[in-house]
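Computed from the coordinates by the stated procedures, all read-outs in this text should not be read as laboratory data. Every value quoted in this text rests on a predicted model; they were computed, and no experiment measured them. Virtual Cβ from ideal backbone geometry, glycine too; neighbours counted across all protein chains shown.
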Ligand code: DOR
Ligand code: ZN
C-alpha cells in the first residue's frame, strides 16, 4: 500500500539554478507540483529519488516555437516523435505553430490538433491559432477555446500561407489586443523576398547564398519595423520569432524603451552557424527561413540575448522528411530542420564558452517564455507551488551532435552534425514524472498537458479608430 507520507519524487544533492541565481537544495515534487525546495535535512521522504550531485536543477525549457506537423504532415513528425524529442532535450513545454493541414484557424481544426496532442504528448504543450485574413472572425472563438496565442506569417514559409493584407493585420491586431493574447510574428516581407527570388531564378541563380540574398537583412528589418508600428498603435502584444539579424537589435531596443509590448526570440542556429560555412549539401540541410546570415551577426545576437534585448531562446523545430530536403533545385528544398532536442546542449555549450551565464540561459529558455505567454510563475522557476517541470543538467557532459540519434525519427538530420557540445540535460521531469533519464525517453503518451495562457489584462490602444469602431454608422474621425 502507498505510504501517504511519501512524496512522489525527490531530487537530491543538486544546485538549483533560477534566472536570479543558484543555490544548493533538494527539490521535492508531488502530484505534479514542486512542494519543497531547500535544505536536505528538512526534505520529505519520497517514493522515487533522483541523484543530482554535481548537477544543476533548472526549470524545464519552454520552446515557444515548434512545428509538430500533425495533423496533415506526419511524414515529417507527429505528436509522439516531436514530444519525445522535446523530452530528450530537456524541454518540458512546447508551443506548436498553426501551419499544419488544416491550419489551426477554426474550432474544428483546433480540436483535431488538440485530440492528436492529448493522445500522444510526452511533454506539455500550448497550441497557437492562426492570424490570417481568411479567419479574422475566428480569433475570439479560438481564444475562448484556449489557444496559447496567435501566429502571423508575414514572410512566406512551409505551408505557403499567404501574408495577410496590411489592413487585415491591423484589424487582427486590434482584435488580439482586446483579447490580451500575444501574437507571434514571422517577420519577413513576402513581396520583397518573392520579387528578389523571381529575379534570381530568372538569372539562373540556384544556391545557398541565393536563398540568403533573397531574404537579405532589409527583408527582416522592414517586417520587424512594421510589426512594431502596428503593435504600438493597437496595444497588441507581439513576439518576434527567430530573430536572425544583428541589425534588428537596435530597432528592438528602441521599441522596448518606448514601451512597445513586444518580446523576441532567437534560435541556436543563428548564434552558432554562419552562411560562410553553409555551401553545398550543408546549405541544403541548413536552409530555413529566415536564413542563417553572415558570421558577423552572431556576436550581436548573443550579446542581445545576454542583456535581455532578445528575451528568449526557441528553436523553430521544423522537421521534414529527408527526401524533401534533397530536391535537385535549391529553391525547392524544404525549409527548416529539427531543433527541439539539440537546443539545450548547444546553448549550454555557449555557457561553457563563457558567452552566457547559466542564469541568463535559464531566463531565455524558461522564465522569459513563461512570462511572455502567461505561464509565469507557474512555470519558468524552480520554487514551491510551481509545476514540477524540470531539467537536470550535467555541465560537464561532452558529446557530439548527430542526426542519426534524434528522436524525430522521420527527420534525422541536423545542420549541427559533428558539432562538439559541453553540457547536456541528463534527466527531464514533466509534472513530477521522470520522462527522460540518461538519454532514454520513457514511454508516456498522453502525460503532457495542454497549457492555457493567463495573461495580464488586455491594454488595447486607439480604440476610437479601430476597424470595428469606424464601421459604426455614427463614427466620426474628429469626435
Ligand atoms: O524554415 C522554416 N521552416 N521557417 C519557418 O518559419 C517555418 C518552418 C516550417 O514550418 O517548416
Ligand atoms: Zn517556424
Discussion item. Using a 10 Å cut-off around each Cβ, can you sort 79, 233, 195, 105 from fewest to most neighbouring Cβ atoms?
Written reply: 195, 233, 105, 79
Response to the item:
Descending packing, highest mean Cβ count within 10 Å first, for 296-307, 335-346 is 335-346, 296-307
Practice prompt. Would you please state the base-10 log of I(q)/I(0) at q = 0.20, 0.29 1/Å for region 322-361, with intensities from the Debye formula using one equal scatterer on every alpha carbon?
Written response: -0.64, -0.91
Fill in: Helix 297-307 axis, angle to the chain major axis (alpha carbon atoms, nearest 10°)
60 degrees
Worksheet item: So how tilted is helix 217-234 from the main axis of the chain? Cα-based, degrees 0 to 90, rounded to 10.
Response: 90 degrees
Item to complete: Please report, in cubic angstrom per residue, the volume enclosed by the convex hull of the alpha-carbon atoms of region 356-479.
Response: 227 Å³
Response to the item:
One would report the Cα pair-distance distribution of region 82-182, bin width 5 Å, in %, as 2, 13, 23, 22, 19, 12, 6, 2, 0
Response to the item:
So residue 101 and residue 20, fully extended at 0.36 nm per residue minus their Cα-Cα distance, gain in nm 25.0 nm
Response to the item:
Contour minus Cα-Cα span, residue 330 to residue 229, at 0.36 nm per residue, comes to 32.9 nm
Worksheet entry | Ordering of 130-141, 178-189, 381-392 by burial proxy (mean other Cβ atoms within 10 Å per residue, highest first) | 178-189, 381-392, 130-141
Fill in: Cα gyration tensor shape for region 156-220, rounded if a/c is under 1.5, else prolate or oblate
prolate
Worksheet item: Over the Cα atoms of region 322-389, Rg to Rh with Kirkwood Rh, two decimal places?
Response: 1.18
Item to complete: Mind checking the full-extension length gain between residue 207 and residue 322? Use 0.36 nm per residue of separation minus the Cα-Cα distance, one decimal, nm.
Response: 39.6 nm
Discussion item. Given Cα positions, please report Rg to Rh for region 1-87, the hydrodynamic radius being the Kirkwood one.
Written reply: 1.12
Worksheet entry | Highest-first arrangement of 259-269, 15-25, where packing means the average Cβ count within 10 Å | 259-269, 15-25
Item to complete: Report the FRET efficiency, 1/(1 + (r/R0)^6), for residue 49 and residue 440, where r is their Cβ-Cβ distance and R0 is 30 Å, rounded to 0.05.
Response: 0.95
Item to complete: Note down the nm distance, to one decimal, between modelled labels 7 Å out along Cα→Cβ at residue 165 and at residue 459.
Response: 3.2 nm
Practice prompt. With N set to the residue count of the chain, report its C-alpha Rg divided by 2.2 N^0.38 Å to two decimal places.
Written response: 0.95
Worksheet, complete the sentence: Quick calc: nm separation of the 7 Å Cα→Cβ label points for residue 470 and residue 279 -> 5.2 nm
Discussion item. Rounding to the nearest 10 and keeping the result within 0 to 90°, find how far the Cα-based axis of helix 248-258 lies from the longest principal axis of the chain.
Written reply: 90 degrees
